[in-house]
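A short worksheet on the structure shown next.
Each value in this text was obtained by applying a stated rule to the coordinates, not by laboratory testing. Since we're looking at a predicted model, the values are computed, not measured. FYI the Cβ positions are ideal-geometry reconstructions off the backbone, even for glycines, and counts take in every protein chain you see.
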Amino acid sequence: MENKIRNKIITISGEPASGKSTVVKHLKSEYEKMGFNVHIISVGHTFREIARKEYLKMYPDRTDANLADIQTDPSFIAKRDMIDKMVDGEVAKRGREINNVERPNDVYIIDSRLAWSNIPDSYAIRLTVNENIAGNRVFNDKTRGKEDQYGSLEEAIIKTRERKLAEISRYKQRYGVDLTNPDNYDLIVDTSYSKSDELAQIIIAGEEKYRSGGYYPKTWKSPALFLPSQKIGETLSTSPIGSNIEDIIESINKKGYNPNGGVEAVEQNGISVLRDGHHRAIAALGAGKTLMPYFVEHKDDEFAKKYIDGDVRLQDIYDWEDCIRYYAKKGNIESLKEFEIGKVINFNRILKTEPNNSGEGR
């Protein structure tokens, strides 16, 4: 008879430097306040320890090797595959043990790239992060192990990107699994500008809806990670009656962000452009929200390309940047007060260069 027990198991898969460890700490704290016993299993930490130990057995003189070098070293592939199988097998076994009996007072949080697959009834989360921000996090975090230390910011960005791509490739080759496939997850969050306590609350609310069979938005990220498709000056001055920015901010402050009111976007070449919801995005920042729900109508198709080509303008992007800074200050979002859109979004990949009509160099 099939086991129907579904305990509170949260599996978190994330790109390097996406903030998994930090949000796990916040989740533990919040669930403990709610009276739960919290159990944390960090598969990534286990893999790093074993991989480094086995690598140094093979190459005792390579004490300065970082994790990206270890994972991409062709001579270490067979050993790395053995470690993967051992760790993944233990996660699957642990999941079965947890669900052998009902555990209403326990929460299990598992940090693992493939735990969503090994434990099918878990609430599966994927955390993503902008590559430049990921590199900055790694470079400036001196608490990381020696395998994650780099000599320059540029090296950290490059090596962190290599590590991410190596992981994606490894799981495709080993298991036929695409870690980037959104169908694998119940919740996908870009953590580039997120507050960990806010992210923890989103995860808790989403897990509760998952268990009860209710609806909860699947994709979340900062309003700052979208490009506009409207003239921002006109957008701010022509708000429909009853939905001006200040009214929306007040509503969010009183009632919280409406998870059913996700903004609409199109995506091309990894860049998201708002199709609808400019007011809500700006108001979210003004209310101090670092994350908002969104859904993508068209992705890397002819419609998205035509829409972006026709509606995204360089001057509007710079006006959007100014708007983000203004409302981030209003909402006390420190990470966005000096926001520079060009440092995180390479909009020239989708945008034809045009003169800056303001006459100022940006």
Query raised in the report: Relative contact order, percent, of the chain when contacts are C-alpha pairs under 8 Å separated by at least 6 residues?
Result: 17 percent
**Report entry** Compactness of the range 222-349 - radius of gyration and Dmax, Cα, Å
**Finding:** 13.9, 41
Report summary line: For the chain, the longest principal axis of the Cα atoms and the Cα long axis of helix 20-33 enclose an angle in degrees, to the nearest 10, of 90 degrees
Query raised in the report: Relative to the longest principal Cα axis of the chain, at what angle does helix 196-212 sit, 0 to 90 degrees, rounded to 10?
Result: 70 degrees
Report task. Give me the compactness ratio for the range 26-99, meaning the Cα radius of gyration over 2.2 N^0.38 Å. Result -> 1.45
Requested in this report: Could you sort 184-191, 171-178 so that the peptide with the highest average Cβ count within 10 Å comes first and the rest follow in order?
Outcome: 184-191, 171-178
Requested in this report: Report the normalised scattering of the range 8-212 as log10 I(q)/I(0) at q = 0.12, 0.18 Å⁻¹, calculated by the Debye formula with identical scatterers on the alpha carbons.
Outcome: -0.62, -1.36
Query raised in the report: Between the helical axis of 314-330 and the dominant principal axis of the chain, each derived from Cα atoms, what acute angle in degrees is found, rounded to the nearest 10?
Result: 70 degrees
Query raised in the report: To the nearest µm²/s, what D does Stokes-Einstein give for the chain at 25 °C and 0.890 mPa s, using the Kirkwood radius over alpha carbon pairs as Rh?
Result: 111 µm²/s
Report summary line: So, with points 7 Å from each Cα along the Cβ direction, the residue 165-residue 141 label distance in nm works out to 2.2 nm
Query raised in the report: Fully extended, how many nm does the chain gain between residue 102 and residue 29 (0.36 nm per residue separation, minus their Cα-Cα distance)?
Result: 24.0 nm
Query raised in the report: In whole Å, how far is the Cα centre of the range 71-101 from that of the range 164-186?
Result: 15 Å
